[in-house]
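Engineer: Have a look at this one before I ask anything.
The values are calculated or read from the model by the stated rules, or taken from the named source; none is laboratory data. Keep in mind that what you see is a predicted model, and the values were worked out from it rather than measured. Virtual Cβ from ideal backbone geometry, glycine too; neighbours counted across all protein chains shown.
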Amino acid sequence: MAVPSFLARERIVARPGFNRWLIPPAALAVHLCIGQAYATSVYKTALVSHFDSTLTAIGIIFSIAIVMLGLSAAVFGTWVDRNGPRAAMFASAVFWVTGFLVGSLGIYTEQLWLLYLGYGVIGGIGLGIGYISPVSTLIKWFPDRPGLATGMAIMGFGGGALIASPLSRQLMSWYDPSYDPAVAGTTPSGNAVAGLFLTLAALYAVFMMFGAFIVRVPAADWRPDGFDPASVKSKPMITTENVSANNAIKTPQFWLLWTVLFCNVTAGIGILEQAAPMIQDFFRNGETSTVLAATAAGFVGLLSLFNMAGRFVWSSTSDFIGRKPIYMVYLGVGIILYVILATLGSTATWIFVITAAIIISFYGGGFATVPAYLRDLFGTYQVGAIHGRLLTAWAAAGIAGPLIVNGVLDSRGTPGQLVAGDYRPALFIMVGLLAVGFVCNLLIKPVASKWHESREAVEDFTHEHHTEEERSAVR
Amino acid sequence: MSSSVSQNQQPTHTPVGLIAFAWALVGVPLAYGLYNTVKAASALFGA
């Protein structure tokens, strides 16, 4: 599928002297916007009331969006790699913004299916394309620090919710004066949520287009100052060869890493999904909890911070200690932390908070490190497309994690009466999952040479034989 | 910070102002989000 010339990869090849530190903010401009997907809880109750519906029916909107994220990243990954980051960011912005506009129409007209179609399906496609859009570009601009580069961008996805939550509350309180975010129990009107959607659509359009128009790809022979590609060759787990996306999914390495990501994400979601009620249940004394609702909300905020920080800190650390060792930490230390949470978590609030926060930092770190791990195993050739296919693990974990936790808790009692012991079976299931992930990570070895692509195929794919005219057209 | 290239192309210079503006554009909203989240999280420590 051809793209208009102003979006084409050939038009955005950077000239010598271009400063690569303009690329991370371009990536962040997209990820900070699509990260709003994690802030849907701020208007969930308002939508339940507006549509006279249920939490489950409204929660489906988010589930559709995450499933579409995984599917669209998998389906459009090759298109993204072929056409470059500007076309991908532009397409992502169009889908994401259209999702909000259609969703807003659905709220105004009280047509829930339009919200499913708009935010869920159309917006979800924008999520998937946007999530993978800057990854391979960042890896190419930062061959010396791929973990740092992808960590910065994927940190933005976590940061997006941090921005969207307070901003949404503020905007809804302007659109519905009877709604006061500081007063528990008040709910914004549906029209306030529709107005919020329109405002976010406008803001996100500006931000994402800014990212799309400042992003550049490096020339084929570009290297950062002082970077010696030979230093990469000396590391056994980092390839200098390239594997196509179609071949990557035929390798055991892809599916081992898919399982690693699935296990790590499922375990993290187990805590994230239940964070607020979980801390109250762990310190329940009879009918009441020693942890107040406001404190529980603070705990959720703390987890968001660790989720975001973990993406940057752990992914950057992986540049120094290696991708396989860092996943051994995520999964191995994660096992110990889950056991501590299950056995000692209810003895002191600080033990519960610290263990949960570190677990969530590993959850974020797992997301942010995986593109660099893929680069190490499969090369930069179609790393965006391979990443897109790997993200189906996220969609699967998004279903499995809540199913495991909610299934266990449903069998143990009713919400509001659960105690720490009721969470134990779910936590030990997570320990088992992390153990499976740990073993899979240990089994990952370099990809066999039969899957490597020829240099000609790589160059043909990315159109990296640019003519002088094409290059001079780029500013 | 960038680069050595062998192509016969006109070199470019990315204005520092543009880099600062781009980082500010993403940094300011992020700082706003961080501030609000830290404020919410402070309830956990009884602040």
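Engineer: Taking A:Leu148, is it part of a helix (DSSP H, G or I) and either within 12 Å of another protein chain (Cβ to nearest Cβ) or under 18 Å from A:Cys33 (Cβ atoms) (or both)? Steps first, answer last, please.
Structural biologist: Working: part of a helix (DSSP H, G or I): yes; either within 12 Å of another protein chain (Cβ to nearest Cβ) or under 18 Å from A:Cys33 (Cβ atoms) (or both): no.
No.
Engineer: Among the listed residues A:Ala201, A:Ala248, A:Ala161, which satisfies the condition of being among the small types (Gly, Ala, Ser), outside the structural domain of A:Ala87 (by TED's automatic domain parsing) and either within 22 Å of A:Ile129 (Cβ to Cβ) or surrounded by fewer than 20 Cβ atoms within 10 Å (Cβ to Cβ) (or both)?
Structural biologist: Answer to the check: A:Ala248.
Engineer: Would you point out the residue of the range A:202-224, among those that are in a helix (DSSP H, G or I) and more than 10 Å from chain B (Cβ to nearest Cβ), that is farthest from A:Gln36 (Cα to Cα)?
Structural biologist: Across the range A:202-224, the extreme among qualifying residues is A:Phe213.
Engineer: Further question on the same structure: So which residues in the range A:109-121 are in a helix (DSSP H, G or I) and touching a Leu at 6+ places or on another chain (Cβ under 9 Å), if there are any at all?
Structural biologist: Here is the first cut: in the range A:109-121, the residues in a helix (DSSP H, G or I) are A:112-121.
A:Leu112, A:Leu114, A:Leu115, A:Gly118 - these are the residues of the range A:109-121 that are in a helix (DSSP H, G or I) and touching a Leu at 6+ places or on another chain (Cβ under 9 Å).
Engineer: Taking the options A:Ala74, A:Ala26, A:Ala37, name whichever one is more than 24 Å from A:Ala164 (Cβ to Cβ) and part of a helix (DSSP H, G or I).
Structural biologist: A:Ala74
Engineer: Which ones in the range A:169-190 are of a type outside the set (Gly, Ala, Ser), in contact with a helix residue (DSSP H, G or I) (Cβ under 7 Å, 6 or more places away or on another chain) and in a helix (DSSP H, G or I)?
Structural biologist: Correct list: A:Arg169, A:Leu171, A:Met172, A:Tyr175.
Engineer: Has the range A:298-311 got at least one residue that is away from chain B (no Cβ under 14 Å), under 19 Å from B:Thr37 (Cα atoms) and part of a helix (DSSP H, G or I)?
Structural biologist: Yes: one or more hits.
Engineer: Follow-up. Looking at A:Arg15, is it surrounded by fewer than 23 Cβ atoms within 10 Å (Cβ to Cβ), of a type in the set (Lys, Arg) and at the interface with chain B (Cβ under 9 Å from one of its Cβ atoms)?
Structural biologist: Criteria met by A:Arg15.
Engineer: What about A:Ser178, is it within 15 Å of A:Ala46 (Cβ to Cβ), assigned by TED's automatic domain parsing to the domain that holds A:Ala29 and out of contact with any Lys or Arg (no Cβ under 8 Å at 6 or more places or on another chain)?
Structural biologist: For A:Ser178, the condition - within 15 Å of A:Ala46 (Cβ to Cβ), assigned by TED's automatic domain parsing to the domain that holds A:Ala29 and out of contact with any Lys or Arg (no Cβ under 8 Å at 6 or more places or on another chain) - is met.
Engineer: Find the residue count for the range A:1-40, including only residues that are among the polar types (S, T, N, Q) and within 17 Å of the chain's Cα centre (by Cα).
Structural biologist: Of the residues in that region, 2 qualify.
Engineer: Any residue at all in the range A:347-354 that is buried (at least 24 other Cβ atoms within 10 Å of the Cβ), part of a helix (DSSP H, G or I) and either basic (Lys, Arg) or touching a Ser or Thr at 6+ places or on another chain (Cβ under 8 Å) (or both)?
Structural biologist: We begin by selecting, within the range A:347-354, every residue buried (at least 24 other Cβ atoms within 10 Å of the Cβ); these are none.
No, every residue in the range A:347-354 fails to be buried (at least 24 other Cβ atoms within 10 Å of the Cβ), part of a helix (DSSP H, G or I) and either basic (Lys, Arg) or touching a Ser or Thr at 6+ places or on another chain (Cβ under 8 Å) (or both).
Engineer: Look through A:Tyr131, A:Tyr175 and report the one residue that is away from chain B (no Cβ under 14 Å), out of contact with any Asp or Glu (no Cβ under 6 Å at 6 or more places or on another chain) and under 30 Å from A:Tyr363 (Cβ atoms).
Structural biologist: On the way: A:Tyr175 fails: under 30 Å from A:Tyr363 (Cβ atoms).
Only one candidate passes the filter, namely A:Tyr131.
Engineer: Tell me, yes or no, whether the range A:225-248 has at least one residue that is more than 10 Å from chain B (Cβ to nearest Cβ), in contact (Cβ under 8 Å) with a residue 60 or more places away in the chain and among the aromatic types (Phe, Trp, Tyr).
Structural biologist: No, every residue in the range A:225-248 fails to be more than 10 Å from chain B (Cβ to nearest Cβ), in contact (Cβ under 8 Å) with a residue 60 or more places away in the chain and among the aromatic types (Phe, Trp, Tyr).
Engineer: Shifting gears a bit: Those residues that are over 23 Å from B:Lys39 (Cα atoms) and buried (at least 20 other Cβ atoms within 10 Å of the Cβ), I need them from the range A:164-189; list them, please.
Structural biologist: Result: A:Asp176, single match.
Engineer: Under the condition of being over 27 Å from A:Val215 (Cβ atoms) and of a type outside the set (Gly, Ala, Ser), which residue from the range A:82-112 is surrounded by the most Cβ atoms within 10 Å (Cβ to Cβ)?
Structural biologist: A:Ile107
Engineer: Give the range A:1-19 a look and list any residue that's within 13 Å of A:Ala88 (Cα to Cα) and assigned to a helix (DSSP H, G or I), or say none.
Structural biologist: If the condition is that a residue be within 13 Å of A:Ala88 (Cα to Cα) and assigned to a helix (DSSP H, G or I), then A:Phe6, A:Leu7, A:Arg9, A:Ile12 are the ones that fit.
Engineer: What number of residues in the range A:48-81 are among the hydroxyl-bearing types (Ser, Thr, Tyr) and either surrounded by 22 or more Cβ atoms within 10 Å (Cβ to Cβ) or without any contact (Cβ under 8 Å) to a residue 24 or more places away in the chain (or both)?
Structural biologist: 3
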